[in-house]
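The values are calculated or read from the model by the stated rules, or taken from the named source; none is laboratory data. Note that the structure is a prediction, hence the values are computed from the model and not measured. Backbone-built Cβ (ideal geometry, glycine too); neighbour counts: all protein chains shown.
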Amino acid sequence: MKSLCSILFFSFLAFSVNAQSVSTAYNQALADSLGADEYGMKPYVLVILKTGSSKLNDQNKVSELFRGHLNNIGKLAEEGKLVVAGPLGKNEKNYRGIFIFNTKTIEEAKDMLQTDPAIKEKLLDAELYEWYGSAALPMYLPAHTKIEKIRP
């Protein structure tokens, strides 16, 4: 019985090793330039933006801060620090949007958030999480500029 279990175990192990294969489309130079690991993935920081604690009544000031927020998104994206940003629909958790920062550390992402006037003024608060995703994620931004008719 013990030898049967050993045979089954080693057969399973051999099968699982052979189940993985190297992609024929693999591009080492591209993977290296994007910081990809062997799975084509890398760490990022995911930020969930939510309604902040500030209660400004001056709508001109609020508009100015959100214009600065959008301008900052553009600046961080151009610098390659921000690879995804976008609003969320209405929800009961007061989540407003997401960012995915092209950094491995939450500390560095916190520093980047401090360049956002809406966050600095507490109109928006942020929850930060380590996230593991495709290293090719930043490649969609150049394509987006080709389909974006109106820039916010």
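Annotations for the structure displayed:
- Top-ranked residue of segment 69-103 - restricted to ones that are among the hydrophobic types (A, V, I, L, M, F, W, C) and in contact with a Pro (Cβ under 7 Å, 6 or more places away or on another chain), ranked as farthest from Ser33 (Cα to Cα): Leu70
- Taking the criterion of being touching a strand residue (DSSP E or B) at 6+ places or on another chain (Cβ under 9 Å), surrounded by 14 or more Cβ atoms within 10 Å (Cβ to Cβ), over 18 Å from Ala135 (Cβ atoms) and not small (Gly, Ala, Ser), the residues of segment 45-64 that qualify are Val47, Ile48, Leu49, Lys50.
- Among the residues listed as Glu79, Glu127, Glu64, the single one being farther than 20 Å from Pro152 by Cα and not hydroxyl-bearing (Ser, Thr, Tyr): Glu127
- For segment 21-44, the candidate set comprises residues that are of a type in the set (Gly, Ala, Ser) and touching a Lys or Arg at 6+ places or on another chain (Cβ under 7 Å); within that set, the residue that is surrounded by the most Cβ atoms within 10 Å (Cβ to Cβ) is Ala36.
- Which numbered condition Val83 misses (of (1) touching a residue at least 60 places away in the same chain (Cβ under 8 Å); (2) under 30 Å from Tyr26 (Cβ atoms); (3) touching a Leu at 6+ places or on another chain (Cβ under 9 Å)): (1)
- When segment 96-139 is filtered for residues that are touching a residue at least 24 places away in the same chain (Cβ under 8 Å) and in a helix (DSSP H, G or I), the ones remaining, listed by number, are Ile106, Glu108, Ala109, Met112, Leu113, Pro117, Ala118, Ile119, Leu137, Pro138, Met139.
- Scanning segment 1-43 for residues that are of a type in the set (A, V, I, L, M), modelled with pLDDT of 60 or more and outside any helix (DSSP H, G or I) returns Val22, Ala25, Ala36, Met41.
- Just so you know, in segment 110-137 the residues that are hydroxyl-bearing (Ser, Thr, Tyr) and within 14 Å of the chain's Cα centre (by Cα) include one that is surrounded by the most Cβ atoms within 10 Å (Cβ to Cβ), and it is Ser134.
- Meets criteria (of a type outside the set (S, T, N, Q), within 21 Å of His144 (Cα to Cα) and surrounded by 12 or more Cβ atoms within 10 Å (Cβ to Cβ)) for Ile73: yes
- Condition check for Gly68: more than 28 Å from Asn91 (Cα to Cα), modelled with pLDDT of 95 or more and small (Gly, Ala, Ser): no
- Residue list for segment 78-95, restricted to those being part of a helix (DSSP H, G or I) and either among the β-branched types (Val, Ile, Thr) or crowded, with 19+ Cβ neighbours inside 10 Å (or both): none
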